[in-house]
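**Student:** After the structure tokens below, expect a handful of questions from me.
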Amino acid sequence: MAEYVLAFDLGTGGSRASLYDKNGECVGSVFEAVRTRYSRSEFHEQRPQSWWDAVALSSRTLLDMAGQVNQVAPQDVVAIAIGGHSLGTVPLDAEGNLLLEWTPIWSDGRGLKQAEEYFHIISYEQWYRRTGGGVPVGNYPLFKVLWLRENHPDLYAKIDKVLGTKDYVNYRMTGRIATDPSSAGSYGLWNLAQAAYDPELADAAEIPLSCFPEVIPSTSVLDGLTPEAASALGLLPGTKVIAGGVDNCCIALGARCFQEGRIAASLGSGSWLGRCGSVPQVNPEIGAFVYPHVVPGAFLSSFGVFSTGTAIRWVKKHMCHNFAETAKRVGRNPYFLMAEEARKSNIGANRLIFNPSMAGPSSSKDNPDIRGAFLGLSLRHTQADIIRATMEGIAMNMRYAFDRLKSLGPTSGPLVLAGEPLSELVRNIYLHVLNTEISTNYKSHAMPALGVAALAEVGIGLWDDFSPLDSINRDVECIDAPDPSCVERYETVYHVFKKSYDAIRLIANAWNDDIELEN
């Protein structure tokens, strides 16, 4: 009998279901979208029921397709694993029922006030050194739960467990409530050195640790599919479900960032750069977001940019209707058409600077009111300039993160880019703004699911370890080296970009938080 594993990459945009054979070859993939609601500037919410619906539909659609094309039957799927976006906050009551229809996702920063109050009890530096919490503090589930306690005390009183994104889906699959170290590390209560929840941090918040799920290794078999879940997914009851991990760690694993010093970047709705290491890099001056990796004994130190893909989508929606319409008519990717238009501009976009902080700052030390901006707009600027400035601004913010990442220690090998396929122009911008060797391949978009699949392959013994990922990547990668003359020109743009960020910070500080403007 052929053996396949089913990997779900549950990102901000939706669920991608991918089917892999025991050699790590993807035989099919299906995507189902999930909507995000932005009811207030700091509120970013999704429906957990929508996650489940997207996972179930993508699974059934993929299995139907694989059955017709590859003769894959439900009994050929021997394991399931899921990677999901971190910092989600899903409260359940004692019967396992959802207490909120719409729950905060990773970019939701509503817990800022509660975090600031908490740091009068436990200092920020003490908290950071224990947890590695380098994301803006208001985004952590610990403080979102405190927000619920303050704003919805009746609801808070009913909370029995708080789950993350993929752990809620795993619960729907198996009926078991549990998480893995990479996900536990994003709650704001995980002590990296002790590899356990920190009782002192919980006591300071007056939240019982029993609210948070038990922790098992990322490659552990959580349980088998319940009959109800099996029917929803189109699989057999009892199919093994692996614990899985946070999407960033799964992406890093798929991009072979699982040994000391290796580096990878994920380009999606939000983006990040990460470095694998054997010890947690918790330097408060640098402020990396440090996870326990899905790889035992390893840590992933990372820096993120909250709004990258969402920023370019915003520009497409509000400034580039013509490309969306043309793309439908000619059957092409609208973002590639936008890149072709951006080629009409030049390095620096004719002195137009874009800052992509549309979902807030990417550093926990920045003013949370920082937002994105175009700076230097003049009547001579064209649509091509706006598109190119957007692409360059995203890369500039990634460069800021990359410089901090390199300060953590030596790096090994090229920077592996994971995410949707890049146009030649965007790849060239990253190459010269980051000024480092970059590895890309036509399977870059599959790296999140590949990392999830690797957890399943190891979890059920099809692989002894993660080493097959090296050959899988090497067989398809293309490594580019930067051109010094282009690097020099982008260094000038980056100098201006950093100055513009300082100006945006001043503007954010100037607004009076007590004044609410009418729409």
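The values are calculated or read from the model by the stated rules, or taken from the named source; none is laboratory data. None of these values were measured; they are calculated from a predicted model. Quick reminder, even Gly has a Cβ in these numbers, built from the backbone with ideal geometry, and neighbours come from all protein chains shown. Side chains are part of the model used for accessible areas, which takes the heavy atoms of the whole protein and leaves out ligands, DNA and RNA. Shrake-Rupley method; radii C 1.70, N 1.55, O 1.52, S 1.80 Å.
**Student:** For the range 296-323 and the range 6-65, what is the separation of their Cα centres, given in Å?
**Tutor:** One Cα centre to the other: 18 Å.
**Student:** In Å², what does the accessible area per residue of the chain work out to with a 1.4 Å probe?
**Tutor:** For the chain, the solvent-accessible area averages 40 Å² per residue.
**Student:** For the pairs Lys240/Lys443; Lys317/Lys443; Lys443/Lys498; Lys22/Lys443; Lys22/Lys144, flag any whose C-alpha to C-alpha distance is greater than 29 Å.
**Tutor:** Table pairs above 29 Å Cα-Cα are Lys443/Lys498; Lys22/Lys144.
**Student:** When the Karplus curve 6.51 cos²θ - 1.76 cosθ + 1.60 is applied with θ = phi - 60°, which whole-Hz ³J(HN,Hα) does each residue of the range 208-218 get, with x for Gly and Pro?
**Tutor:** x, 5, 5, 5, 10, x, 4, 10, 10, x, 4
**Student:** Using the beta-carbon distance between Ser278 and Asp93 and R0 = 41 Å, what value does 1/(1 + (r/R0)^6) give for FRET efficiency, to the nearest 0.05?
**Tutor:** Step by step, r from the Cβ atoms, then E = 0.55.
**Student:** Given 0.36 nm per residue, what is the gain on full extension from Arg37 to Asp160 after removing their alpha carbon distance, in nm?
**Tutor:** Using 0.36 nm per residue and subtracting the Cα-Cα distance, I get 41.8 nm.
**Student:** I need the GluC sites (Glu not before Pro) found in the range 219-288, filtered to DSSP loop residues with at most 13 other beta carbons within 10 Å of theirs.
**Tutor:** Answer in residue order: Glu285.
**Student:** Could you work out what % of the accessible surface of the chain is carbon and sulfur, using a 1.4 angstrom probe and leaving DNA, RNA and ligands out of the count?
**Tutor:** 51
**Student:** What is the Rg over Rh value, at two decimals, for the range 435-481, using alpha-carbon atoms and the Kirkwood definition of Rh?
**Tutor:** We get a ratio of 1.06 for the range 435-481.
**Student:** Starting from the 7 Å offset along Cα-to-Cβ, what nm value, one decimal, do you get for the label separation of Ser123 and Asp483?
**Tutor:** Between Ser123 and Asp483, the label points sit 5.1 nm apart.
**Student:** Once the piece of chain linking Thr492 and Ala196 is laid out straight, how much longer is it, given 0.36 nm per residue of separation minus the C-alpha distance between them?
**Tutor:** Gain on stretching Thr492 to Ala196: 102.0 nm.
**Student:** Could you tell me the accessible area of Thr382 in Å² (1.4 Å probe, neighbours in place), rounded to the nearest ten?
**Tutor:** Taking all protein chains as shown, Thr382 has close to 70 Å².
**Student:** Using 7 Å Cα-to-Cβ label points, what is the Leu379/Glu214 separation (nm, one decimal)?
**Tutor:** 7.1
**Student:** Still on this structure, please answer the following. Considering only Cα-Cα distances, which of the following residue pairs are longer than 32 Å: Lys328/Lys499; Lys113/Lys499; Lys113/Lys166?
**Tutor:** Over 32 Å Cα-Cα: Lys328/Lys499.
**Student:** Let me ask something additional. So what is the 222 nm mean residue ellipticity for the chain from helices alone, if each DSSP H run of at least 4 adds -39500 (n - 2.57) and you divide by all residues, rounding to the nearest 500 deg cm²/dmol?
**Tutor:** Helix-only estimate at 222 nm: -12000 deg cm²/dmol.
**Student:** Next question, about the same structure. Residues of the range 50-68 with amide nitrogen under 15 Å from the 7 Å Cα-to-Cβ point of Val27?
**Tutor:** Residues 62-68 fall inside that zone.
**Student:** Any idea how far apart Glu101 and Ala324 come out in nm if each label point goes 7 Å out from Cα toward Cβ?
**Tutor:** 2.5
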